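Have a look at the structure below before the remarks.
The values are calculated or read from the model by the stated rules, or taken from the named source; none is laboratory data. Just so you know, these numbers come straight off a predicted model, no measurement behind them. All Cβ positions, even for glycine, are placed from backbone atoms using ideal geometry, and neighbour counts span all protein chains on display.
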């Protein structure tokens, strides 16, 4: 897989906000349900964001990624061939070179295993420790008002989940777990690898117990000892106030479960229905109000619909098309309170007038109005 930074199209020094912005753009572009979407690209983008949005995971990725990039003989920067430099470079990456005995006659060229085998095995072990279930995505439609004020929804999903009968350990209810014989209860297996440096001691997770050190004495009859099963699960989704159409909500750990690993994440794409009166403009709501000519000239009071109920708005004498009136504190909630409603006036000019009305308008004209 390509470098996570390259997948998101950001610099290695990118801030969390820059990473989040890049993820949202790409997730929207590659969403599988969208015309022209790409499920594999969407999965890559999700995986890259999962790592780079977490400070600890990002730090580990930066450290191990840099170590791996500089380790190969043909990689960028290469390897100088100096054993002391090499050992210093990798001693914090989990390698034990205490048994190193360089072949003086044949040097590095006569090794039975190349660096790719050794380091590939090391990093495969790391990935096993961090394995996780599949991410899943759904679409959620909200009314305009729900998007403004936020909402909680219960959604029923069919997905691979942790078995509730055995709490994910695969053991029959009421029975004990027993020590794994393959790793002697340690959860990992240490083994020696022959390399150009002699014997390198490495540690990998035990496949039989998935690194837990224990296995079921009797298997759970519901999940057959797997600890996971496909079922319908009700997920509570909390949508924050002021969310925009097309935004994604991520619920960590609400994706599919995996035996011996962490659950994936759930991604919810938000679709906001339009409103018959309002349009959203940041934290403000914009509306257009048609005002009768007589009301614009003499002034009037109009009952205005808001998301909190009706309020009275005073139209002052001499109002014109294009004037903007404010209804304070009735807009979109934000960290400092709520935005406003901006009312754009449109003075309605009648297409037909009675003779009496025309005479009145002529009189106004004669007076220079």
Report, by residue number, each residue of region 259-274 that is within 13 Å of residue 144 (Cα to Cα) and surrounded by fewer than 17 Cβ atoms within 10 Å (Cβ to Cβ). 271, 273, 274
Heads up, the strands (runs of 3 or more DSSP E) in region 150-201 (entirely inside) with at least 2 residues that are outside the structural domain of residue 255 (by TED's automatic domain parsing) are 177-179, 188-195
Which condition does residue 34 not pass, out of (1) over 14 Å from residue 267 (Cβ atoms); (2) at pLDDT below 80; (3) surrounded by fewer than 16 Cβ atoms within 10 Å (Cβ to Cβ), if it passes all the others? (1)
If I filter region 175-183 for residues that are touching a strand residue (DSSP E or B) at 6+ places or on another chain (Cβ under 6 Å) and in contact (Cβ under 8 Å) with a residue 40 or more places away in the chain, do I get at least one hit? yes
Suppose the filter is farther than 19 Å from residue 200 by Cβ and either surrounded by 13 or more Cβ atoms within 10 Å (Cβ to Cβ) or at pLDDT below 50 (or both); does residue 18 pass it? yes
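Quick grid of which residues meet (1) touching a residue at least 24 places away in the same chain (Cβ under 8 Å); (2) closer than 24 Å to residue 141 by Cβ; (3) out of contact with any strand residue (DSSP E or B) (no Cβ under 8 Å at 6 or more places or on another chain); (4) part of a strand (DSSP E or B):
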site	(1), (2), (3), (4)
271	yes, yes, no, yes
277	yes, yes, no, no
310	no, no, no, yes
331	yes, yes, no, no
Could you check region 1-33 and list, in sequence order, the residues that are assigned to a loop (DSSP other than H, G, I, E, B) and touching a strand residue (DSSP E or B) at 6+ places or on another chain (Cβ under 9 Å)? 31, 32, 33
If a residue must be crowded, with 18+ Cβ neighbours inside 10 Å and more than 19 Å from residue 132 (Cα to Cα), how many such residues does region 37-65 contain? 0
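Quick grid of which residues meet (1) touching a helix residue (DSSP H, G or I) at 6+ places or on another chain (Cβ under 9 Å); (2) modelled with pLDDT of 90 or more; (3) not in a loop (DSSP other than H, G, I, E, B):
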{"position": "222", "(1), (2), (3)": "no, yes, no"}
{"position": "229", "(1), (2), (3)": "no, yes, yes"}
{"position": "232", "(1), (2), (3)": "no, yes, yes"}
{"position": "235", "(1), (2), (3)": "no, yes, yes"}
{"position": "243", "(1), (2), (3)": "yes, yes, no"}
{"position": "250", "(1), (2), (3)": "yes, yes, yes"}
Tally time: how many residues in region 282-300 are surrounded by 13 or more Cβ atoms within 10 Å (Cβ to Cβ), assigned to a strand (DSSP E or B) and touching a residue at least 24 places away in the same chain (Cβ under 8 Å)? 7
If you take the residues in region 322-357 that are over 24 Å from residue 283 (Cα atoms) and touching a helix residue (DSSP H, G or I) at 6+ places or on another chain (Cβ under 8 Å), which one is modelled with the lowest pLDDT? 353
